[in-house]
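Each remark here refers to the structure printed beneath this line.
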Amino acid sequence: MLGLPSIAAFCLRPRDLRRGAALTLAFVAAVGAAAGTGCWDRADAVGAAGGTLAAAGTQPPAAGPEAPRDTGTADREAVARAAAEAAAEGKSGKKAAQEVVSRSGDRWGMVYDQGEYAAFTDDLDGRWTGVGLWIESRRDDRIAVERVQPGSPAARSGLRAGDRLLSVDGHDVTGLRVCDVIALLRGGAGTPVVLRLTRDGADLTETLRREQLHTEPVTVRELPGGITVIKVASFSRGSGEQVRAAVRAAPPGAGVMLDLRGNPGGLVTEAVTAASAFLDGGLVATYDVRGAQRALYASPGGDTARPLVALVDGGTMSAAELVTGALQDRGRAVAVGTRTFGKGSVQMPTPLPDGSVAELTVGTYRTPAGRSLDGSGITPDLAAGDGVEERARTVLGGLGVGP
């Protein structure tokens with residue numbers, strides 16, 4: 001999600017589970033609309049997107065400059081056992097498994113049925129079925145609209161950022177986790193969904209029809225003075241190579257603004273490919289899975305000379321934080337904006353006996369300098385709320401870009 005999110009999203013098609021464990025890094029909350037996720041599997045991670053996934057021994061990661069926040073984890077066997085017992089009694093295995101996950105304190109853990117899990121695979125290609133709402137969970141347990149996708153059913157109905165969502169098809173959503181609200185908003189193309197909202201003290205009721213939606217993950221524009229702005233909305237499939245192509249197409253010596261504001265994450269392999277556009281090999285991140293440490297490396301041959309600024313904010317999450325942290329730690333980019341969200345935990349999908357899938361937290365990742373971002377996020381080198389691009393232009397000017 002963008003803003004204050006909450007949904008562990010999916011990365012793999014159900015058939016990928018047969019190939020072995022897959023790791024989920026990113027986390028998204030795009031409601032009734034999209035949520036690219038942050039995940040990879042071993043087959044995708046090795047070479048397919050330009051990154052390399054390598055074992056780095058089996059010792060627990062050394063503590064970095066910042067200690068990671070304690071992250072609850074659910075026991076896989078207990079989750080699977082609960083699902084199996086419930087299914088044997090003719091009850092919902094998914095519901096029983098989710099109760100175990102919820103009690104464990106795993107804040108990113110979630111259980112999905114096969115249909116829900118499969119629905120998210122389209123998100124990885126920048127497609128989804130929904131109404132075009134992105135939501136956030138606020139500190140008072142209220143669910144609010146974070147933004148509305150242009151041209152979507154929500155946009156045509158006049159919904160806008162700041163609207164508070166009260167119910168979906170009669171189900172009160174106050175106090176629900178964002179992932180649970182997303183489950184209510186999801187559905188087949190053409191099916192109706194009734195939303196009750198409030199705006200400036202007035203209640204609204206809207207009936208929307210879900211549609212197949214699409215967004216371009218990477219857009220490029222030019223600013224005066226020889227500056228290329230590469231906006232990455234999410235790291236969905238193909239986005240990493242689009243970033244590399246945009247860098248290659250930029251005028252020689254031109255500065256680049258890599259805009260990761262509001263980027264909720266995505267496929268980790270795509271994030272590594274994007275980082276590779278600016279690095280000549282080397283470490284992008286390390287991560288641990290139940291104490292075994294591994295590493296992600298950039299591909300060689302990236303542009304290491306072009307002046308670079310990364311634009312970030314509180315909606316910069318997960319895989320987007322991985323890219324920012326790598327470029328910052330490697331001295332490759334100046335980060336400008338506000339503190340990022342702070343999602344640095346790793347999830348692994350576990351197939352359950354009834355066919356549902358549990359995504360459980362198994363570890364955390366760190367930047368090349370050993371920083372854990374989970375709960376703390378990235379502090380930009382230059383703080384800027386309003387006028388971020390102007391501040392970034394000033395930085396690039398100091399690096400020799402422009403008149």
**Request:** Only residues that are assigned to a loop (DSSP other than H, G, I, E, B), crowded, with 24+ Cβ neighbours inside 10 Å and within 13 Å of the chain's Cα centre (by Cα): list them for the range 255-282, please.
**Result:** LEU260, ASN263, PRO264, GLY265, LEU267
**Asked** Can we say THR324 is within 25 Å of ILE227 (Cα to Cα) and either open to solvent by 10 Å² or more (accessible area, probe 1.4 Å) or assigned to a strand (DSSP E or B) (or both)?
**Response** no
**Request:** Look through the range 229-253, keep the residues that are assigned to a loop (DSSP other than H, G, I, E, B) and not hydroxyl-bearing (Ser, Thr, Tyr), and return whichever of them is least open to solvent (accessible area, probe 1.4 Å).
**Result:** ALA250
**Complete:** Of (1) at pLDDT 50 or above; (2) surrounded by 14 or more Cβ atoms within 10 Å (Cβ to Cβ), GLU89 satisfies every one except (2)
**Request:** List every residue pair whose Cβ atoms lie under 9 Å apart, where the two residues are 6 or more positions apart in sequence or sit on different chains, the first residue falls within the range 167-186 and is among the polar types (S, T, N, Q), and the second residue, located anywhere, is assigned to a loop (DSSP other than H, G, I, E, B).
**Result:** SER167/VAL173; SER167/THR174; THR174/ASP140; THR174/ASP141; THR174/ARG142
**Asked** Among all residue pairs at least 6 apart or on different chains, which show Cβ distances below 9 Å where the first residue, located in the range 307-327, is over 15 Å from SER236 (Cβ atoms) and at pLDDT 95 or above and the second is open to solvent by 10 Å² or more (accessible area, probe 1.4 Å) and aromatic (Phe, Trp, Tyr)?
**Response** GLU321/PHE341
**Message:** Of all residues being closer than 24 Å to GLY226 by Cα and part of a loop (DSSP other than H, G, I, E, B) in the range 348-384, which is modelled with the lowest pLDDT? Just the residue, please.
**Reply:** ALA384
**Prompt:** Failed condition for ASP106, given (1) modelled with pLDDT under 90; (2) under 26 Å from ASN263 (Cβ atoms); (3) touching a helix residue (DSSP H, G or I) at 6+ places or on another chain (Cβ under 8 Å), with all others met?
**Reply:** (3)
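Condition check ((1) in contact (Cβ under 8 Å) with a residue 60 or more places away in the chain; (2) of a type in the set (S, T, N, Q); (3) surrounded by fewer than 24 Cβ atoms within 10 Å (Cβ to Cβ)) across all residues:
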{"position": "GLN347", "(1), (2), (3)": "yes, yes, no"}
{"position": "ARG371", "(1), (2), (3)": "yes, no, yes"}
{"position": "ALA383", "(1), (2), (3)": "no, no, yes"}
{"position": "ASP386", "(1), (2), (3)": "no, no, yes"}
{"position": "ARG393", "(1), (2), (3)": "yes, no, yes"}
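The values are calculated or read from the model by the stated rules, or taken from the named source; none is laboratory data. If you're wondering where the values come from, they're calculated on a predicted model, not measured in any experiment. Please note: Cβ atoms are built from the backbone with ideal geometry, for glycine as well, and neighbour counts cover all protein chains shown. Quick note on the areas: whole protein, heavy atoms, side chains included, nothing else; ligands and nucleic acids left out. Shrake-Rupley method; radii C 1.70, N 1.55, O 1.52, S 1.80 Å.
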